[in-house]
Amino acid sequence: MDSKAILQGLKKAGEIEALRTHDLRRTFATVAEEVASYAVVKRLFKHGNSRDVTGRYTKVDDARLLEEMTRVERVMLGAAPLLLAALT
């Protein structure tokens with residue numbers, strides 16, 4: 001299923017007229033920031049910044065990224081069981 005189909009399905013299931021991909025990214029980032037470190041959130045969003053000196057020293061491996069992303073997913077789906085139903 002492509003991202004446009006998922007977005008349309010969410011809009012229909014939630015009876016939401018104005019929902020953009022950016023809204024979903026912002027929501028994900030907000031939840032991720034609550035359960036994961038800044039370094040993890042930054043890596044999940046593939047944000048690079050040459051001015052972020054600390055970011056050069058914090059390395060997050062793929063296994064940790066997957067673990068943290070799974071935690072975010074559980075929090076989001078636990079808070080919104082209708083979302084889970086719409087996605088399955």
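The values are calculated or read from the model by the stated rules, or taken from the named source; none is laboratory data. Everything numeric in this text was worked out from a predicted model, so none of it was measured. All Cβ positions, even for glycine, are placed from backbone atoms using ideal geometry, and neighbour counts span all protein chains on display. To get the accessible areas, we keep the full protein, side chains included, count just its heavy atoms, and leave off ligands, DNA and RNA. Shrake-Rupley method; radii C 1.70, N 1.55, O 1.52, S 1.80 Å.
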Among the numbered conditions (1) out of contact with any Ser or Thr (no Cβ under 6 Å at 6 or more places or on another chain); (2) open to solvent by less than 80 Å² (accessible area, probe 1.4 Å), tell me where His47 comes up short. (2)
If you check Leu10 against the conditions, is it of a type outside the set (Asp, Glu) and either open to solvent by 40 Å² or more (accessible area, probe 1.4 Å) or modelled with pLDDT of 90 or more (or both)? no
